[in-house]
Amino acid sequence: AVSAAALFAAASAVSAADDACSDDEMVIKFSHVVADQGHPKGDAARMLADRVNEELDGEACMEVFPNSTLFDDDKVLEALLLGDVQLAAPSLAKFEAYTLKYRLYDLPFLFSSLDAVERFTTSDAGKGMLTAMEDKGYMGLGYWSSGLKQFSANKPLILPTDAAGLKFRVQTSDVAVAMINALDASAQKLAFKEVYGALQTGVVDGQENTWSNIYTQKFFEVQDGITETNHQLLAYLLVTSTDWLDGLDPDFRDRFLTIVEEVTAEANASVAAKEQANRANIIDAGSEVRELSPEERQAWVDVMKPVWAEFENDIGADLIQAAVESNN
Ligand code: LMR
């Protein structure tokens, strides 16, 4: 066991290394949009920075910019190509301008659990998709899981008919738009940092996100409870530019990629627990979490799952089949 004092010493050493990016160290900037702590992505990004700053000290120095402080998800991909950042982890829903294959991950009710997600993303089919944007100058270094999504609105949602006529914020994903339209509701694409304000002022009535995002962004404060639909995956692609990766010294690159691989596995293993903790945090904060009966949940499946057919050609029936099989 590691003592609290040792942990504290390690933490101070890391922040000292952070502060002291020296001239002869390569700076690796990582920009993301979520909370710095208590969130699967925020925690994974810090874990990666801690390892890089400790193990590659003197060669590289990693700085993390959370909470959209450096770039939004719609700007960060350009920033990678311009060399303004070296790492990002936008959700897989946000790559439509570069590849349509990742629409797979947005199909409603595709994965039944985070274990199934892990089985698929570590399979040959899943790993093969990491290179889907190589021709556009991007390389996926790994999938960072974040959780399954839940619906909320300014009124209780029990059946899909409760959502009819409402406006929901969605990510920049046409699959999400189709899914919301299937509810006879309307979808509005908005940047993540705009969601709280849009819910508060009534620009949109509802949203869909993970327990961790709903808790750390405080969406529950401006919604009438959260409905436990587990209807869709939120996962990220840890992504870099092929130019940056190809330009690294091969030995350094190997050591860096080993750290990435280990952090990815460790972070993904703790996502389910973090999600449950944030679900409990929402309840502790006084918001209502509505559980659905199997029949009620099936009603959401029946309405939303038919959108798969619209996107099958973009993704490929073989990949959809492989993902479905990961549920077994
Ligand atoms: C969203 O826009 O809702 C998410 O992609 C934000 C995130 O990175 O979790």
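The values are calculated or read from the model by the stated rules, or taken from the named source; none is laboratory data. Here the structure is a predicted model, which is why all the values come from computation and not from measurement. Virtual Cβ from ideal backbone geometry, glycine too; neighbours counted across all protein chains shown.
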(request) Identify, by number, the condition in (1) more than 16 Å from the ligand (Cβ to nearest atom); (2) surrounded by fewer than 22 Cβ atoms within 10 Å (Cβ to Cβ); (3) in contact (Cβ under 8 Å) with a residue 40 or more places away in the chain that Asp72 doesn't meet. (result) (1)
(request) Report the residue count in the stretch 20-53 for those that are surrounded by fewer than 21 Cβ atoms within 10 Å (Cβ to Cβ) and under 21 Å from Leu81 (Cα atoms). (result) 4
(message) Return the residues of the stretch 29-42 that are assigned to a loop (DSSP other than H, G, I, E, B) and within 11 Å of the ligand (Cβ to nearest atom); say none if nothing qualifies.
(response) His32, Val33, Val34, Ala35, His39
(message) Going by what's in this entry, would Val195 be described as touching a helix residue (DSSP H, G or I) at 6+ places or on another chain (Cβ under 7 Å) and farther than 17 Å from Val303 by Cβ?
(response) yes
(request) Give the residues of the stretch 234-262 that are among the aromatic types (Phe, Trp, Tyr) and not in a helix (DSSP H, G or I), sorted by residue number. (result) Tyr236
(message) Given the criteria touching a Phe, Trp or Tyr at 6+ places or on another chain (Cβ under 7 Å), surrounded by fewer than 18 Cβ atoms within 10 Å (Cβ to Cβ) and over 21 Å from Leu114 (Cβ atoms), does Thr242 qualify?
(response) yes
(message) Here are the criteria: (1) under 30 Å from Leu87 (Cα atoms); (2) within 16 Å of the ligand (Cβ to nearest atom); (3) touching an Asp or Glu at 6+ places or on another chain (Cβ under 9 Å). Tell me which single one Phe120 does not satisfy.
(response) (2)
(request) Read through the list (1) over 28 Å from Met26 (Cβ atoms); (2) under 17 Å from the mean Cα position of the chain (by Cα); (3) assigned to a helix (DSSP H, G or I); (4) more than 16 Å from the ligand (Cβ to nearest atom), then give the number of the only condition that Tyr102 fails. (result) (4)
(request) Mind telling me which of the residues Ala93, Ala79, Ala45 ends up being away from the ligand (no atom under 13 Å from the Cβ), part of a helix (DSSP H, G or I) and of a type outside the set (Asp, Glu)? (result) Ala79
(request) Spot the failing condition for Lys155; the list is (1) farther than 20 Å from Tyr102 by Cα; (2) in contact (Cβ under 8 Å) with a residue 24 or more places away in the chain; (3) surrounded by fewer than 21 Cβ atoms within 10 Å (Cβ to Cβ); (4) touching a strand residue (DSSP E or B) at 6+ places or on another chain (Cβ under 7 Å), and only one is missed. (result) (4)
(request) Would you check which residues across the stretch 155-178 are within 16 Å of the ligand (Cβ to nearest atom) and either closer than 23 Å to Ser293 by Cβ or touching a Cys at 6+ places or on another chain (Cβ under 6 Å) (or both) and list them? (result) Phe168
(request) With the checklist (1) modelled with pLDDT under 95; (2) closer than 21 Å to Ala265 by Cβ in hand, flag the one item Asp73 doesn't pass. (result) (2)
(message) Of everything in the stretch 179-204, what is away from the ligand (no atom under 16 Å from the Cβ) and surrounded by 19 or more Cβ atoms within 10 Å (Cβ to Cβ)? Give them in sequence order.
(response) Ala182, Leu183, Ala185
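This table checks each residue for (1) touching a residue at least 40 places away in the same chain (Cβ under 8 Å); (2) loosely packed, with under 14 Cβ neighbours inside 10 Å; (3) part of a helix (DSSP H, G or I).
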residue	(1), (2), (3)
Lys274	yes, no, yes
Ile282	yes, no, yes
Ser287	yes, no, no
Ala299	yes, no, yes
Lys305	yes, no, yes
Asn313	no, yes, yes
(message) Of everything in the stretch 205-223, what is within 12 Å of the ligand (Cβ to nearest atom) and in contact with a Leu (Cβ under 8 Å, 6 or more places away or on another chain)? Give them in sequence order.
(response) Gln207, Asn209, Thr210, Asn213, Phe219
